[in-house]
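Working notes for the structure below.
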């Protein structure tokens, strides 16, 4: 979809230090660890354990400072732990306040608000894997929290050639909706490629914690909320434009106030407001987790959603590999196998031999959990049984089922 306005949050970044660009001043880089690359196959995790009032771990995060004229945001991002601090209960809290204790100057004059923005540039970068944060967003007109990534080569190639992956953005006037978007050369700003996800029943994202994630592989990125995939993007979505996402990126967390897209706070907006971060985790792609592609098995054929049908209960079968979305599976870190925005599911949650598998809405049940041991079995732990080609039959449209694991060729699979 074409989203909102051409104005977005931006900074330029070199290999180890931020540059002044887009109206945002360079933060102190502090003591920097060697950046981690995809070749190192590293993982990143921050559970934000520590005493109340402490700053985020400087070995993992650096704090940006200044205002942002590019989006006409209203806040001044402060240094240290004034607007970003641990709460002593396993959370990082980014707080936006209506204040100006140090007489900060913004693009529009004397700043009216303070907040914080943190990134992992110079501390952690990675290409591919499962990237997630469990967040509770603020509420109110003018609030603009985000969890996102920028290409680590931005200091050399600039934005949007660097690429940008917005894992989660929320604006206060849409309390039930978040957005996930790609930006790159020829598809930036309002031309970004993305989609929205809306909670059912009028729920607001500010009411509870939710997990926002991408499963990122070469030439494929899928977005999910609480384990439910709501969009998948590949180079085919770009109409011949350059896919800018097969390289290392770094992470960013921030809470903006106002700007062209969310609009400014008004009399209904209560301050302070907080973006509460329970955890941030990145899982290396070398484990297979987060990768997307075909699952091949007996006779070199693929695990396939019959007819490419997204309806609940659609059979999952063996079929000639054809590269269609019905054969593109993501092995997520929550133990699910996902295609077409839904999960591989054991019908009725049964555990008996011969129980067929199907496509179904992701719901977090044991019927949708799969272990992927090195022996190349795909195992449903609840049943302690394997994904099996019925009757060892390699014919197209042979239904897949659960069966006692026997190490036979019809139970051996090659993951993407």
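Brief remarks on what is shown
- Shown is the FRET efficiency for residue 299 and residue 230, computed with R0 = 30 Å from the Cβ-Cβ distance and rounded to the nearest 0.05: 0.35.
- The stretch 114-165 and the stretch 214-293: distance between their alpha carbon centers, rounded to Å: 8 Å
- Normalising the Debye intensity of the stretch 38-287 to I(0), with uniform scatterers on Cα atoms only, and taking log10 at q = 0.11, 0.17, 0.18 Å⁻¹ returns -0.56, -1.41, -1.58.
- Calculated over the stretch 294-411, the projected area of the Cα convex hull averaged across directions stands at 6.2 nm².
- Spacing of the modelled spin labels on residue 260 and residue 107, each 7 Å from Cα toward Cβ, amounts to 0.9 nm.
- Ranked packing of 213-221, 44-52, most packed first, by mean Cβ within 10 Å: 213-221, 44-52
- The value obtained for the stretch 295-360, namely the Cα convex hull volume divided by the number of residues, is 90 Å³ per residue.
- Shape analysis of the stretch 102-190 yields a ratio of the Cα radius of gyration to the Kirkwood radius, Rg/Rh, of 1.00.
- Sorted peptide list for 121-133, 312-324, 376-388, criterion being average Cβ within 10 angstrom, highest first: 121-133, 376-388, 312-324
- Mean projected area of the convex hull spanned by the Cα atoms of the stretch 49-177, taken over all viewing directions: 9.1 nm².
- The stretch 167-274: radius of gyration and largest Cα-Cα distance (Dmax), Å: 15.4, 46
- Using the rule -39500 (n - 2.57) for each DSSP H run of four or more residues, divided by the residues of the chain, the 222 nm mean residue ellipticity is 0 deg cm²/dmol.
All of the numbers you see were taken from the coordinates with simple rules; none came from a lab. Computed from a predicted structure; not experimentally measured. A quick note on method: Cβ atoms are made from the backbone with ideal geometry, for glycine too, and the neighbour counts reach across all protein chains shown.
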